1. I'd like to know if the range 235-245 contains one or more residues that are at pLDDT below 95, of a type in the set (Asp, Glu) and in contact with a strand residue (DSSP E or B) (Cβ under 9 Å, 6 or more places away or on another chain).
2. Assess whether Asn205 counts as being among the polar types (S, T, N, Q), closer than 25 Å to Ala152 by Cα and out of contact with any Asp or Glu (no Cβ under 6 Å at 6 or more places or on another chain).
3. Can you name every residue in the range 80-123 that is aromatic (Phe, Trp, Tyr) and under 18 Å from Pro273 (Cβ atoms)?
4. Which fully enclosed strands (runs of 3 or more DSSP E) of the range 93-168 have 1 or more residues being closer than 17 Å to Pro197 by Cβ and out of contact with any Phe, Trp or Tyr (no Cβ under 6 Å at 6 or more places or on another chain)?
5. Of the residues that make up the range 115-124, is at least one under 17 Å from the mean Cα position of the chain (by Cα), buried (at least 23 other Cβ atoms within 10 Å of the Cβ) and β-branched (Val, Ile, Thr)?
6. In the range 70-84, which residue that is modelled with pLDDT under 75 and loosely packed, with under 13 Cβ neighbours inside 10 Å is nearest to Ile238 (Cα to Cα)?
7. Taking Phe193 as meeting all but one of (1) aromatic (Phe, Trp, Tyr); (2) farther than 27 Å from Asp228 by Cβ; (3) crowded, with 20+ Cβ neighbours inside 10 Å, write down the number of the exception.
8. Between a first residue in the range 78-90 that is farther than 23 Å from Tyr141 by Cβ and in contact (Cβ under 8 Å) with a residue 12 or more places away in the chain and a second residue that is surrounded by 15 or more Cβ atoms within 10 Å (Cβ to Cβ) and not basic (Lys, Arg), which pairs have beta carbons less than 6 Å apart while being 6 or more apart in sequence or on different chains?
Amino acid sequence: MYAERRSTIGPPAVSPEVCHGSSPRRRPACASSPCGAGWPVTLLPICLALALAGGVPDAAAQTASGSGPAADGEPTLDIRSIDHESYRAIAARLPDGQTPRIDGRLDDEVWALAPPQGNFVQREPRFGAPASERTEFRVLYDDRTIYVGVWAWDSDPGGILASELKRDSGLRKGDQIKVNFDTFHDHRNAFYFSTNPLGAYKDANSVENGRTINYDWNAVWNNRTSVDERGWYVEAAIPLSQLRFPTTIGEALWGLNVCRIILRKNEEDYWVPFPREWGRRASHACRARACSPG
């Protein structure tokens with residue numbers, strides 16, 4: 001059982017307004033205008049715009065409290081009918097001079113700039129069913145770094161598991177969050193980042209549509225996690241210098257997917273679900289389209 005790094009987080013210094021009924025204690029307020037302007041040509045040309053077309057209705061996916069399991073008997077989703085290219089993410093550009101503090105608490109006001117994405121779907125054990133626990137993520141970026149925050153709520157936080165801390169450990173002995181970036185949206189190559197409730201580091205470079213995964217590729221990035229009575233949380237900062245991506249101004253497409261493992265339930269949930277016969281290829285990632293200023 002997970003026993004270390006537990007913490008009780010006080011209320012964040014943000015508006016008490018919440019999205020989809022989650023507690024203001026752990027979640028930033030809704031933002032109405034997440035995209036910034038005035039981007040130099042050399043910067044990451046994305047305001048990852050993500051609108052979930054179709055997918056699992058929020059009310060059917062998890063309880064409104066943000067921490068409870070989905071009700072028994074929920075209908076499963078027809079994964080094969082999903083247009084994976086219809087998934088969109090929004091990564092909000094940070095104002096000059098503002099960055100989140102990477103401490104795993106996710107209570108900085110800047111996280112309110114990016115809208116949450118959620119409605120995860122099971123791959124295991126109930127293929128196509130709503131995830132049994134609520135998971136959401138947000139993405140921010142600035143001139144140098146892309147930031148990922150994940151809220152992994154859990155109705156039984158005492159059941160959160162983690163035991164591995166060694167770099168590039170398998171992380172198969174506990175809960176886990178995985179993030180994949182297909183920065184050229186070529187459906188063949190991706191950068192993979194993963195952690196567990198202890199804040200372990202695991203990363204890799206995947207090529208040939210996932211047929212070759214290079215775990216010797218070690219990026220320099222910052223990652224912190226925390227656990228409280230509502231679940232566990234991931235806050236990661238990945239320098240853009242560690243990634244390869246198009247830099248032309250205008251439009252750029254990135255693929256993106258996020259996975260959560262809940263070990264005690266033998267559960268594997270994905271934000272963008274995909275058929276089992278696809279394996280775990282990069283091509284199931286959603287499309288992230290660039291926003292031009294103005």
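The values are calculated or read from the model by the stated rules, or taken from the named source; none is laboratory data. Model, not experiment: these values are computed from the prediction. In this analysis, Cβ positions are derived from the backbone assuming ideal geometry, glycine residues included, and neighbour counts consider all displayed protein chains.
1. No, the range 235-245 contains no residue that is at pLDDT below 95, of a type in the set (Asp, Glu) and in contact with a strand residue (DSSP E or B) (Cβ under 9 Å, 6 or more places away or on another chain).
2. Yes: the conditions hold for Asn205.
3. Once the filter is applied, which keeps residues that are aromatic (Phe, Trp, Tyr) and under 18 Å from Pro273 (Cβ atoms), the range 80-123 yields Tyr87, Phe120.
4. 135-141, 145-153
5. Among the residues of the range 115-124, at least one is under 17 Å from the mean Cα position of the chain (by Cα), buried (at least 23 other Cβ atoms within 10 Å of the Cβ) and β-branched (Val, Ile, Thr), which makes the answer yes.
6. Asp83
7. (2) is the only condition that Phe193 fails.
8. If the second residue must be surrounded by 15 or more Cβ atoms within 10 Å (Cβ to Cβ) and not basic (Lys, Arg), the pairs left are Ile79/Gly128; Ile79/Pro273.
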